[in-house]
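Okay, structure first, notes after.
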Amino acid sequence: MQGKHLYEYAIIRVVPRVEREEFINVGVILCEWKSGFLASKIFLHKEKLLALDPNADIEMIEKNLKSFEKICLGNSNGGPIAEMDLGSRFRWLTAVRSSIIQTSRPHTGYSLDLEKTLINIFEEQVG
């Protein structure tokens with residue numbers, strides 16, 4: 001992938017108690033349309049999550065976060081969403097929802113190296 005790429009990204013958040021609107025950042029989704037790049041990087045910091053909600057269902061949250069990865073990769077075991085075209089998958093993943101797993105609004109940027117950009121955003125936003 002040479003040249004500058006216009007990309008979109010969103011931060012993945014876990015909101016264990018939606019009514020309290022407290023969240024932790026757990027990942028990043030990055031999409032670049034022309035090259036067909038759609039990837040995520042996710043890490044659930046369990047101690048932070050349990051600090052917000054000691055009764056959080058970590059197993060269920062991890063299972064749902066794995067589905068984000070499967071959808072990004074377009075895996076057939078990712079269900080019908082994973083079989084959609086790149087744009088539809090990104091829009092579905094970043095759709096506004098009131099659930100335990102949410103994303104920020106998409107943001108844009110330019111990158112010479114999409115993988116490196118994904119890692120940089122992840123390190124900055126998730127840690």
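The values are calculated or read from the model by the stated rules, or taken from the named source; none is laboratory data. None of these values were measured; they are calculated from a predicted model. Neighbour counts run over all protein chains shown; Cβ positions are idealised from the backbone, glycine included.
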### Message
Looking at the structure I just gave you, is VAL26 surrounded by 11 or more Cβ atoms within 10 Å (Cβ to Cβ), among the β-branched types (Val, Ile, Thr), within 10 Å of the chain's Cα centre (by Cα) and at pLDDT 95 or above?
### Response
yes
### Message
Criterion first (out of contact with any strand residue (DSSP E or B) (no Cβ under 9 Å at 6 or more places or on another chain) and surrounded by 12 or more Cβ atoms within 10 Å (Cβ to Cβ)) does ILE101 satisfy it?
### Response
no
### Query
Can you tell which of SER111, SER76 is of a type in the set (S, T, N, Q) and under 15 Å from TYR7 (Cβ atoms)?
SER111
#### Entry: Residue list for the range 13-48, restricted to those being assigned to a loop (DSSP other than H, G, I, E, B) and of a type in the set (D, E, K, R)
ARG17, GLU21, GLU22, LYS34
## Note on the structure
ASN55: passes all of (1) exposed (fewer than 14 other Cβ atoms within 10 Å of the Cβ); (2) among the polar types (S, T, N, Q); (3) not in a loop (DSSP other than H, G, I, E, B) but (3)
### Task
Report whether or not GLY87 is in contact with a strand residue (DSSP E or B) (Cβ under 9 Å, 6 or more places away or on another chain) and at pLDDT below 95.
yes
### Summary
Listed by first then second residue, the pairs whose first member lies in the range 80-99 and is under 17 Å from GLU32 (Cβ atoms), whose partner is among the polar types (S, T, N, Q) and surrounded by 13 or more Cβ atoms within 10 Å (Cβ to Cβ), with beta carbons under 9 Å and at least 6 positions apart or on separate chains, are LEU93/SER40; LEU93/THR103; THR94/THR103; THR94/SER104
### Selection within the range 62-79 - more than 17 Å from SER35 (Cα to Cα) and either modelled with pLDDT under 90 or among the small types (Gly, Ala, Ser) (or both)
SER67, ASN75, SER76, ASN77, GLY78, GLY79
### Message
Here is a check on your reading of the model: is ILE100 over 19 Å from GLU8 (Cα atoms) and at pLDDT 95 or above?
### Response
no
### Query
Which one of these is free of Cβ contacts under 8 Å to residues at least 60 places away in the same chain, touching a helix residue (DSSP H, G or I) at 6+ places or on another chain (Cβ under 7 Å), buried (at least 16 other Cβ atoms within 10 Å of the Cβ) and within 19 Å of ILE119 (Cα to Cα): LYS70, LYS41?
LYS70
### Query
Taking the condition small (Gly, Ala, Ser) and assigned to a helix (DSSP H, G or I), does GLY87 pass?
yes
